[in-house]
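First comes the structure, then the notes that go with it.
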Amino acid sequence: MRGNGPRLSVTLLTVFPVGGQGTAPDPGTAGAAMAWAPGVGLLLGVIAAVVLLAADHPLGLGPLTAAVLAVAALALLTRGLHLDGLADLADGLGSGRPAGAALDIMRRSDIGPLGTVTVVLTLLIQVAALSQAESAGDGRGPAALIAAVITGRLAVTWACRRGVPAARPDGLGALVAGTVPRAIPAAITLGTLAAAVAAVVISAAVLGDPLGWTLPLAVPAGLAAAFGLERHAVRRLGGITGDVLGALAEVATTVALVVAAAGPR
């Protein structure tokens with residue numbers, strides 16, 4: 001049932017086991033779950049933003065430590081699955097092997113040198129960008145974090161649009177590939193962009209200082225990076241997998257954070 005979509009989305013994308021699915025979901029429920037992914041991103045972003053604010057201001061730990069704790073909270077809230085997918089995809093694509101062999105590498109439980117370096121650098125970039133945004137003040141840290149996490153999950157919704165195949169006949173990719181009508185991620189993207197622009201305008205009018213003109217640019221920048229990686233993965237592997245979806249979420253989040261943190265302090 002499509003009504004189970006939001007619950008399945010939370011179950012697949014977070015540590016919260018609210019799905020209640022005893023059997024494999026039908027394509028309609030799977031598509032609804034992927035359509036709700038940006039909403040789950042909003043939930044995760046708000047929780048991580050609370051961690052960021054609490055660590056920086058009441059606790060006085062400073063922007064850098066607060067950024068580390070916020071990024072760590074995201075990893076814990078997602079069971080580290082997106083980071084694991086990023087590492088697996090880096091190992092698979094970096095192997096230079098044919099699609100079948102690359103997919104076999106991605107199935108392994110171990111992580112190779114390239115995957116390890118990719119995850120470490122990604123986390124360092126996320127922490128550095130978030131620390132920069134938080135140190136700028138005026139709410140730029142929480143705004144950048146929430147926008148980036150939503151963008152990361154929106155990239156997952158886009159990757160599950162109709163016309164994008166699965167790389168394997170089984171697994172998460174096969175379950176969700178091609179289940180989302182293109183109009184859904186397009187509408188959510190426009191809504192996210194409108195919200196980002198409104199946040200900048202309102203902050204300038206109410207607080208006198210805008211959140212940062214780069215905030216609305218962060219969403220398309222993150223999605224563009226994810227589209228590029230998705231296209232490369234589909235060309236090399238023949239479609240998407242659960243690892244590809246996790247990697248897209250991390251790449252889009254990271255690029256969005258970097259762009260949102262840019263600009264004058």
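The values are calculated or read from the model by the stated rules, or taken from the named source; none is laboratory data. Since the structure is predicted, the reported quantities are computational estimates derived from the model, not experimental observations. We place every Cβ from the backbone using ideal geometry, glycine too, and count neighbours over all the protein chains shown.
Values as computed for the structure displayed
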read-out	value
Residue selected from region 187-240 under the condition of a type in the set (Val, Ile, Thr), touching a helix residue (DSSP H, G or I) at 6+ places or on another chain (Cβ under 9 Å) and part of a helix (DSSP H, G or I), by the criterion farthest from Ala166 (Cα to Cα)	Val200
Yes/no for Ala48 being in a helix (DSSP H, G or I), touching a helix residue (DSSP H, G or I) at 6+ places or on another chain (Cβ under 8 Å), of a type in the set (A, V, I, L, M, F, W, C) and surrounded by fewer than 24 Cβ atoms within 10 Å (Cβ to Cβ)	no
Region 207-265 - residue that is in contact with an Asp or Glu (Cβ under 7 Å, 6 or more places away or on another chain) and among the charged types (D, E, K, R) and, of those, nearest to Gly191 (Cα to Cα)	Asp209
Qualifying residue in region 69-89 (condition: crowded, with 17+ Cβ neighbours inside 10 Å, out of contact with any strand residue (DSSP E or B) (no Cβ under 8 Å at 6 or more places or on another chain), of a type in the set (A, V, I, L, M, F, W, C) and modelled with pLDDT under 95)	yes
Out of Leu114, Leu89, sole residue that is touching a residue at least 40 places away in the same chain (Cβ under 8 Å), closer than 20 Å to Ala226 by Cβ and not small (Gly, Ala, Ser)	Leu89
Qualifying residue in region 161-171 (condition: among the charged types (D, E, K, R), farther than 30 Å from Thr241 by Cβ and in contact with a helix residue (DSSP H, G or I) (Cβ under 8 Å, 6 or more places away or on another chain))	no
Whichever residue in region 1-38 is modelled with pLDDT of 90 or more and not in a helix (DSSP H, G or I) and, among such residues, is surrounded by the fewest Cβ atoms within 10 Å (Cβ to Cβ)	Val15
